[in-house]
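*Asks:* What follows is a structure written as structure tokens; I'll ask about it next.
The values are calculated or read from the model by the stated rules, or taken from the named source; none is laboratory data. Because the structure is a prediction, the values reported are computed rather than measured. Because the Cβ atoms are built from the backbone with ideal geometry, glycine has one as well, and the counts that use them run over all protein chains shown.
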Amino acid sequence: MRRAHAIFGTLARVVTRRPLPVVMATLALTAFLVSGVASLRLDTSVESFLRRDDPVRLAYDQFRSRFGTDEVIRLGIRSRDALSLESLTRVRALHAELERELPYVEEVESLVSARFTHGTQDTLFVEDLFEDWPPDPDQLALRRDYARASPIYRNTLLSEDGRSTVITLRVAKHTASDEDALAGFEDDPVAGPTDGDPPAAEILRGTEVRELMEALAPIVARHQRPDFEIWVAGRIPMNFSFAQTLQRDLGRFAALSLVVIGAVLLALFRRVSRVLLPLLCVVLSLASTFGLMGHLGFPVTLMSQILPSFLLAVGVGAAIHLLSTFDLRLREGESREVALANALRHAGPPIVMTALTTAGSLLGFAFTRLAVVADFGLVAASGVMLTLVYCLVLLPSLLALTPVGSLRAAPGSAPTRPVRVLVGLGALGSHHPWPVVAGFAALTALALAGALQLRLSHSPLEWMPADHPYRHGFERTDRELGGAMTLELVLDTGASGGVEDPGFLASLDAFQGALRGFEAAGVQASNALGLADIAKETHRALHENRDAYYRVPEQAEVVAQELLLFENSGPDELERVVDSEFRRARVTLLVDYADALYYGPFLDTVAARFDQVIGERAALTATGLTFLAAASFEVLLDSLLRSYGAALAFLVPLMILFLRSLPLGLLSMLPNLLPILFALAFMHVAGIPLDVFTLLIGSIGIGIAVDDTIHFMHGFRREHARTGDPQLAVRTTLATTGRAMLVTSIVLIAGFLVFTAASMHNIVGFGIVTAVAVGSAFLCDVLLAPALVTLFVGRRPGPR
């Protein structure tokens, strides 16, 4: 402790004797860090949830390199009869306009351009369903019958009742420059395939997605009619909406936090300088944190919405402790230089300790497989350390340059009644420790029972408001067209040309048939598309279109010849369902939207069916963007345990070293862990699921809860060493340090409640639950902690 006092004494001499050079050097560092904002890139994609080297993501990159992207936009259309000439005319006009005016669209698929395979005994024709326009009545009737009977049209192009149809937009590979205009952000480039595979098709960047969606909206509006309803679904529209929300809410949360925190500071200190100076420091630290993200290449993700309010609240909390001590010294008659030096010596060590514990708890996220969580932990921890630098270097320098003036009120003092309540709670804990501990034990048992019933969830669609047009598009596509999502299956025969084996193709056909209408674990597949469909269509077409030949050929040479004929007929459908070696086949399942937790069990049952139907003929791999979301859920619980374990492994030794007592260090963790348990129990009661956002509450809550515990324990040890009376030490600590603890808790609660103004439900839930955790931590520190330290040191008062 003496060494710490010496270090802060040296810091005090520097900032009081040369404040202006310190301020200029800090601002120069800030300018350098903030310059990184120009390099920030935005990434709201599903791929960003998993690390680049994660096996699931690597498998997906291989899939995209072999079969192309599964990222599409689906336009659902509802009319009286989707196959009537009137409806087809409107679809054709919309199709043509989409092809003509939409950028970055590689192909538009609709009823008018759907695959129509027919032929004679030796000639194969693969053409658009309505290639000749307008169709004569006989051709219209023929093609309508074909569309209604074809399995490949079911729910992919035509609904079961025949009233709804789909236009699918396949986006082009990225060809634009790296320049980004999405408010200075760039999208995260997609990880490439493994060695030996062709390059994977790149997804659209942020600027291109915005161009595409902004071009699509007026086209849809022009063709929208009461009897021709159009809606939009797909992950591209969803991610576009998330990107818009992220950009809008980042600034809004920062502004709201500044207003709320400024009001609290003004009520506490009643001096403009005591409001502006800490706010200036935390704003600069926040800007520096985002600049550092740009320099280090961290993307701006959905979780970045949390950073402004979190860092502002944490930074102001540290400033409050320094300012309260500084003004108290001034009020006692010390000069500005002496008061500033004493404030740094007194408040500096616990401020550093609280920053280290908060950053350490956040660093626990670095051990998770979820990339967005790991990146958030690293960035937030860096931001906390930057706020520490600004609080202990820039703020004292600014205080040394600011006129002191007269302190008419007692700065840093809370109103009389709150102080009495704080001291009364501490006295209750120190005078009646066993009843207090017993009461918290009972609450802990109840909270544990509730926390064990928490519902896990990963459902980005439910993050959106219920009336959001893209959420409506997903839900309506599920309801009328058999599903808005796809699951991709890759069947590897292990040998070049293996998929052309008639036995394998027959089993593949049986497998696809078994999956049509297949339902398990709350997920239903309405269709299954793959190579078997092409093989059967081609075989039928080359046998005078007779339905009796709608089957897989029985001879290997016939399979090879017919697939070659299909490939030479022009369409590129074959390369989407089989790789260049004819070793691997792709099956696309059209499924309804569900919480990601259901897709894993569903795929387990699909794998069991695969073993029954195909067995050892091939190996099955699930992939696709929907599977990536399911995999993110599967690592959620593992990430929770890893991050909490890493945070505790860092915090417990640090608390023991700081308090210089093994028993006291271990005992001090109880007031820090119980608030997390209470917050989890509150989530169960409030119906808030544990998802990728509320996952953060544990480590963030522990880090914040430890802050007040450190300040209380630091003050208690000092007062107990001076008086020898634990009850008096508790009262004195809460009458002095307790004021700052109360105000910082209010600042933190208000800062997190700012998230209730969020556009997405998951952010609202995160803010409410974190505020509950902070409030619970404060009550534990002013009621449970006094009871624990009293039992630890003994209740007998010593010399005063």
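*Asks:* Hey, can you tell me all the residues within the stretch 718-738 that are in contact (Cβ under 8 Å) with a residue 12 or more places away in the chain and over 23 Å from residue 327 (Cα atoms)?
*Replies:* If the condition is that a residue be in contact (Cβ under 8 Å) with a residue 12 or more places away in the chain and over 23 Å from residue 327 (Cα atoms), then 720, 723, 724, 725, 726, 727, 728 are the ones that fit.
*Asks:* Now, a different point. Looking at 746, 768, 710, which is the one that is touching a residue at least 60 places away in the same chain (Cβ under 8 Å), surrounded by 24 or more Cβ atoms within 10 Å (Cβ to Cβ) and either closer than 20 Å to residue 675 by Cβ or under 39 Å from the mean Cα position of the chain (by Cα) (or both)? Give the derivation first.
*Replies:* Numbers: 746 fails: surrounded by 24 or more Cβ atoms within 10 Å (Cβ to Cβ); 768 fails: surrounded by 24 or more Cβ atoms within 10 Å (Cβ to Cβ).
It is 710.
*Asks:* Next question, about the same structure. For the stretch 552-571, give me the residue count where each residue is assigned to a loop (DSSP other than H, G, I, E, B) and without any contact (Cβ under 8 Å) to a residue 24 or more places away in the chain. Break it down stepwise before answering.
*Replies:* At the first step, the residues of the stretch 552-571 found to be assigned to a loop (DSSP other than H, G, I, E, B) are 552-555, 569-571.
With the extra rule that they be without any contact (Cβ under 8 Å) to a residue 24 or more places away in the chain, the set shrinks to none.
Final tally of qualifying residues: 0.
*Asks:* Now for a different question. Among the residues that make up the stretch 4-18, is at least one of them modelled with pLDDT of 85 or more and charged (D, E, K, R)? Walk me through it before giving the result.
*Replies:* Kept after step one, since they are modelled with pLDDT of 85 or more, are these residues of the stretch 4-18: 18.
Next cut, charged (D, E, K, R) only: 18.
Checking the stretch 4-18: at least one residue is modelled with pLDDT of 85 or more and charged (D, E, K, R).
*Asks:* Condition (residue is in contact with a Lys or Arg (Cβ under 6 Å, 6 or more places away or on another chain) and part of a helix (DSSP H, G or I)) applied to the stretch 72-80: is it met by at least one residue?
*Replies:* Checked against the condition, which is being in contact with a Lys or Arg (Cβ under 6 Å, 6 or more places away or on another chain) and part of a helix (DSSP H, G or I), the stretch 72-80 yields no hits at all.
*Asks:* If you scan the stretch 572-603, which residues turn out to be within 18 Å of residue 620 (Cβ to Cβ) and in a loop (DSSP other than H, G, I, E, B)?
*Replies:* Scanning the stretch 572-603 gives 579, 581, 582, 583.
*Asks:* Using beta carbons and a limit of 9 Å, which pairs, at least six apart or on different chains, have the first residue in the stretch 778-790 and not assigned by TED's automatic domain parsing to the domain that holds residue 712 and at pLDDT 90 or above and the second one charged (D, E, K, R) and buried (at least 21 other Cβ atoms within 10 Å of the Cβ)?
*Replies:* Once the first residue is not assigned by TED's automatic domain parsing to the domain that holds residue 712 and at pLDDT 90 or above and sits in the stretch 778-790, no partner that is charged (D, E, K, R) and buried (at least 21 other Cβ atoms within 10 Å of the Cβ) comes close enough.
Conditions tested, residue by residue: (1) in contact (Cβ under 8 Å) with a residue 60 or more places away in the chain; (2) over 25 Å from residue 418 (Cβ atoms).
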| residue | (1), (2) |
| --- | --- |
| 270 | yes, no |
| 279 | no, no |
| 284 | yes, yes |
| 302 | yes, yes |
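Matching residues to (1) of a type in the set (Asp, Glu); (2) surrounded by 15 or more Cβ atoms within 10 Å (Cβ to Cβ); (3) modelled with pLDDT of 95 or more; (4) in contact with a strand residue (DSSP E or B) (Cβ under 9 Å, 6 or more places away or on another chain):
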| site | (1), (2), (3), (4) |
| --- | --- |
| 2 | no, no, no, no |
| 22 | no, yes, no, no |
| 37 | no, yes, no, no |
| 46 | no, yes, no, no |
| 59 | no, yes, no, yes |
| 66 | no, yes, no, yes |
| 92 | no, yes, yes, no |
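*Asks:* What do you reckon, is residue 262 of a type in the set (Gly, Ala, Ser) and more than 25 Å from the chain's Cα centre (by Cα)?
*Replies:* So residue 262 passes the test.
*Asks:* What pairs come out if I take residues in the stretch 596-610 that are surrounded by 17 or more Cβ atoms within 10 Å (Cβ to Cβ) and pair them with residues that are among the hydroxyl-bearing types (Ser, Thr, Tyr) and assigned to a helix (DSSP H, G or I) whose C-beta lies under 9 Å away, six or more apart or interchain?
*Replies:* As it stands, the answer is 596/626; 596/632; 599/626, since those pairs meet every condition given.
Here is a yes/no grid of residues against (1) touching a helix residue (DSSP H, G or I) at 6+ places or on another chain (Cβ under 9 Å); (2) of a type in the set (Lys, Arg); (3) surrounded by 24 or more Cβ atoms within 10 Å (Cβ to Cβ); (4) at pLDDT 85 or above:
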| site | (1), (2), (3), (4) |
| --- | --- |
| 715 | yes, no, no, no |
| 725 | yes, no, no, yes |
| 729 | yes, no, yes, yes |
| 732 | yes, no, no, yes |
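*Asks:* Pick from 633, 610: which is within 30 Å of residue 495 (Cα to Cα) and of a type in the set (A, V, I, L, M, F, W, C)?
*Replies:* Working: 633 fails: within 30 Å of residue 495 (Cα to Cα).
Just one listed residue meets the conditions, 610.
*Asks:* Does residue 278 meet the test of being in contact with a strand residue (DSSP E or B) (Cβ under 8 Å, 6 or more places away or on another chain) and modelled with pLDDT of 85 or more?
*Replies:* Values: in contact with a strand residue (DSSP E or B) (Cβ under 8 Å, 6 or more places away or on another chain): no; modelled with pLDDT of 85 or more: yes.
Against the criterion (in contact with a strand residue (DSSP E or B) (Cβ under 8 Å, 6 or more places away or on another chain) and modelled with pLDDT of 85 or more), residue 278 does not qualify.
*Asks:* Does residue 208 satisfy the criteria of being closer than 30 Å to residue 42 by Cβ, modelled with pLDDT under 90, of a type outside the set (Phe, Trp, Tyr) and not assigned by TED's automatic domain parsing to the domain that holds residue 391? It would help to see each step written out before you state the result.
*Replies:* Numbers: closer than 30 Å to residue 42 by Cβ: yes; modelled with pLDDT under 90: yes; of a type outside the set (Phe, Trp, Tyr): yes; not assigned by TED's automatic domain parsing to the domain that holds residue 391: yes.
So residue 208 passes the test.
*Asks:* Looking at the stretch 443-460 only, could you name the residues that are hydroxyl-bearing (Ser, Thr, Tyr) and modelled with pLDDT of 90 or more?
*Replies:* Matches in the stretch 443-460: 444 only.
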